[in-house]
Amino acid sequence: MEGVGTAHNTLRNAMVWAGAENAGNRGPGLHIRGGASDNVVVALCRFEYNQGDGILIEGAGTSRNMVGEPDTRWNQGAGLVIRGPGAEANVGDGVMAFGCQGPGVVIADGALGTELTRVDIRECAGGGLRIDGVTKTWGGEEERTALATVSGLEVRNPQTPPAGEPREVPVCGVALLGGTSDVRVTDVDCYDGECGVFVGGVETTRNRLEDVNVDTPSGVGVHIEDATDTTLADFQISGAGSHGLQIVAAHGTQVQGSLRIVNPGGDGVRLIDTWAASLDAQMQVQSAAQNGVLVQGCSDLFLRPTGIQNAGANGVELQGSTDVELHQVSVSRAQGDGVLVDAQCSGVSIEELDCQGNTGAGIHLAGATNVEIGNIHNIYRNEVGVDVASATNVRIEGSTQGVGDISGNSSAGIRVQGESTQSVQIHGTRIATNGTAGVQVEAGSGIAVGLPGEPFSNLIADNPVGILATGSDTQVEVCNNVVGVPPAGEAGMSGSGAPLPGNATGIQFAAGISGATVRDNLVRGNVQCGVVVQDGAKSTTATGNRIEDNGGDGVRIQSAASTGNMFGGNRITGNRGQGIALVDGANGGIAAPVIRQVSQHTVSGTADGLPTGTQVEVYADSGDEGRQLLGTARVREGEGRNGQTFSLSAKVPAGARLNALAIAPNGNTSEFGPAQLGGGGEVQTYVFSSTRTGQADVFLRTPQGVANLTGASSVDRQPRLSPNGLSVAFVSDRADGTQLWRVPTDGGQAYPFTLGEQPNHSPDWHPDGGRLAYVSEYDGGREGNPEIHLLTLDTPAPTGEIAYEDGTPSSSAGWGGSAGGGAGVHFSSAPGRLGAIRFYLTQSPGAFLWRVYDWDAANERPGELLAEGETEAAATGWHMVIAPPLDVAGEFVVCLFRIVDDQPWIGVNWDNTSGRSWRYTNDKWSIQWGGDYMIRAVVPPPSTRLTTDPAIDQDPAWSPDGARIAFASDRGGTMALWMMDADGSNPQPVPGLPGNQTQPRWSPDGARLVFISDAAGNPDVWSANADGTEAVNLTDSPHPERDPCWTADGFILFASERDAGWEVYQMLPDGTSLRRLTTSFGENTEPHAP
């Protein structure tokens, strides 16, 4: 068809065939040219074996022709060619090209406005669709439209041309070349061939390919080179023999929607020398033989690699690239690093990060500069979580939605190494359960673990070492972190899931590190020490920290080479070992100051051997550490024989013991020194029993006054203050006979330690506070025979209380309901005697019913009613009920039932759901999801019997080292002192003591005993060496004495009737400096101070 007037013609069911020998028709099968327009070729016209193209549409004015369902096969040229310039707005639909020697379809040389739909190309030697030189110069105000559109394209098995034949590009399913611009290709399937899609040429620009599937090409799946502003949307590339998507020297490429690449033989995505590209697609790369994503020599990039799995090398690797943003990074099971950023990279931002199960590091910064890692979700089970090696200006930050979790990695959670590493910040992360350390700093300067001014910057728990820093040139600052376990209910970094245990060691400095700074951290609940400074680590500065409740020493400084380590202005308390321990001459073996005198407003003491100008810090504590800093003073020269002294004004808090430490001008810090108050001083804190209120109650005496801790209508006596000063064990008849109870020194609610019909009394704390020796008058059938027993209290709930919520209601209202309705909690415990039950009431206190049910395991709900009663609460808060004697199995349910509507309201912890809360409404039980009722049960711990002799055994007293128990027994015929090992074995009498002896107590150093003896005809206070030698009567009074106790401050407390009534007294260990401590109506006896 040719000529300007050739128009509106229709060709149907034609076959143009050159024959097998190609004898005729040496040009195209159908040629439309020379201005022919508006012609239609429809209804299965076939163009086969032609020497040229199957169909050729070309020339100026050759426009608006429509080719419908043509079948072009085995032609020597292309199947369909539309070629300009001037051939415009031609349309093809249902085009079939098969076995042609050229491409299946060609649009070229300015053939504008071409529209092709439903194109099927198979086994063509020149590839599938080729668009070459389709472009236009647009006017400044002209609206850009697509210059060519192709949709519904399928290309299968394109054939490689004969060897030696020149080729510009690989055999492709789709090729956009020669400056082609503003072309849109959609709904494409490309199978086999050398390349699925190729877009190339420096002037090839603004093209868009969308909804493309590339399957098993022998080379690259999609290749973009030298082109600008190419857009790819919703691509899937499977089984590429080389790389999945390769972009080389291109500018402005955009990938949108989704990009899924499976099993490429090279890298999944490969960007080389590319700039200003945005791969803002949901990018998934599975099982790449090499890297999931490789970025090399690029700049100004944005990538969203949301799912990189099973890469044969690294998940994402950046080489020599700048200003790269990675968002929603998820890499798992790579054979190398999850993300690797090399030394030539700068300005890299990695956000929303999830790296799991990679053979190397989750993130490896190998010499990179200016890197920000933010909004970490999970870095889990890699060899190392984040490896910072010789990198500069690095910021690692957790999730804005919570805490970034770096956990379960084989070695360190975060490792910082390389002497050239500088300026690394770590903030907002949860670093837990890693193999060697949470944070391991081996080298570098300006390393900040935590940021100033942001409390609890990181949570670091359940690692062998929370923070480990080593190396003589390492400079590290650790501030505002939780290293270990935050207290229940305290604001901080909590993360998700069950609470984590502490680290084995909290913070450790070693291998000559110098000048480390530790400030404003919470170092708590670690299994061993809180902070360890060893192996020549020196000049550490630690201030403003809370170092508490660790299983070993709070601070341990070890080795003579570790000097100049300053620990001042910290809160160090509740640690099982020493508050500060200096080992092997650490910190120059600096001596501790000694507090010698305490008045209402002044604390003073000696600092022998310390240079003038040394700072002394005085602390109040319940034990031998430093809970509260009371003040500081400088050491000055004393007068005469006084040596160096110090003095400061301070108000001593109630219930506190005083300790002091020294900080030399060179930073060397001492251990805590005790208060040794001598004759002019007075015991600061102790408990005693008194009848001043009409019945026996337990009182706590502090420098601020005397407080009644029990104040019940019962008889409460034999108080024993715990080693940490926070609890008092005592004996009470308030419920279930004479039993052991516990009450906190802050005036909280009392709990039973023991229950039963037999009397239990005479408690004594083990030095670690985790065990309690006592006397029970029931020994397996013989009532009234006192034997010594042991309670083990070193459990998560030492009182035996079981709780599934944190003690704080999440709503001030709680939960009310109609009369007859109930709320209950299913408890699991060891079988035992139910001691008490507690209910947290938020409003409308009053009368209600309590009930205890067994657990119906078969139906998984509350079962048979075991006990019930009525109680009345006078106020909101915790209300305790002492149940009648009731033995419970391992599973039981405690409930509150209302007698009247909405009275009371039970507290609900909405933030916690254990699945153990039950609601009773409409005569049926249902589980309460979405929160836990605040109900608790107390099942006291079981006891172990230590003595079995038929004689009377009483008055147990632990030795200071916890290895032995002194006690009184008449097993030798008269009441005398005996010793046995802590497990009850090897009982031996203490020989050579006079008279009948009772009530032994140890000196703080374990060398002597104080006890009561009637050898002088009257009960007096005596002391003797622990082996029975050098016994001496300390009181020798005509009046009876009782209840001696040797305090850590160097005094002996006792009760005496010498002043016309029982009062508490103190004296020095030699019996001098006697002073009366109580003056009140009633009997004041049984003093005790740890």
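Derivation of every value follows stated rules applied to the coordinates shown; laboratory data play no part. This structure is a prediction, so every number in the text was calculated from the model and none was measured. Methodologically, a virtual Cβ is constructed for each residue, glycine included, from the backbone with ideal geometry; neighbour enumeration extends over all protein chains shown.
Things worth noting here:
- Phi-based couplings in Hz for the range 330-341 (Karplus 6.51, -1.76, 1.60; Gly and Pro marked x): 10, 10, 9, 6, 6, 6, x, 7, x, 10, 10, 10
- Spread over its residues, the convex hull of the C-alpha atoms of the chain is 237 Å³ per residue.
- Residues whose amide H lies under 5 Å from that of Gly552, counting only those 5 or more places away or on a different chain, are Gln528, Cys529, Gly530, Arg576, Gly577; hydrogens are built 1.01 Å from N in the peptide plane.
- Calculated FRET efficiency for the pair Ala1015/Glu870, C-beta based, R₀ 60 Å, to 0.05: 0.60
- Using the Karplus relation 6.51 cos²θ - 1.76 cosθ + 1.60 with θ = phi - 60°, the per-residue 3J(HN,Hα) values for the range 94-106 come to x, 6, 10, 10, 9, x, 6, 7, x, x, x, 9, 10 Hz, with x marking Gly and Pro.
- In this structure, the amide hydrogen of Gln425, modeled 1.01 Å from its nitrogen in the peptide plane, lies closer than 5 angstrom to those of Val394, Arg395, Ile396, Ala448, counting only residues at least 5 positions away or on a different chain.
- Rounded Å value of the spacing that divides the Cα centres of the range 393-467 and the range 197-240: 41 Å
- Spherically averaged projected area of the range 801-938 from its Cα convex hull (nm²): 7.2 nm²
- Taking the Cα centre of the chain as origin and assigning +1 to Lys and Arg Cβ atoms and -1 to Asp and Glu Cβ atoms, the resulting dipole is close to 800 debye.
- According to the calculation over all Cα-Cα pairs in the range 980-1090, the P(r) per 10 Å bin from zero is 15, 47, 30, 8, 1 %.
- Listed by Cβ neighbour count within 10 Å, with the fewest neighbours leading, Lys924, Lys651, Lys538 appear as Lys924, Lys651, Lys538.
- For the range 526-577, the Kirkwood estimate of the hydrodynamic radius, built from every pair of different alpha carbons, is 11.1 Å.
- Amide H contacts under 5 Å for Phe753, placed H, 5+ residues apart: Leu740, Trp741, Arg742
- Packing around the peptides 137-146, 377-386, 756-765, 1044-1053, taken as the average count of other Cβ atoms within 10 Å per residue, puts them in this order, highest first: 377-386, 1044-1053, 756-765, 137-146.
- Farthest toward positive dipole pole in the chain [+1 Lys/Arg, -1 Asp/Glu at C-beta], among Thr474, Gly110, Thr253: Thr474
- Per-peptide average of other Cβ atoms within 10 Å, ordering 899-905, 232-238 highest first: 232-238, 899-905
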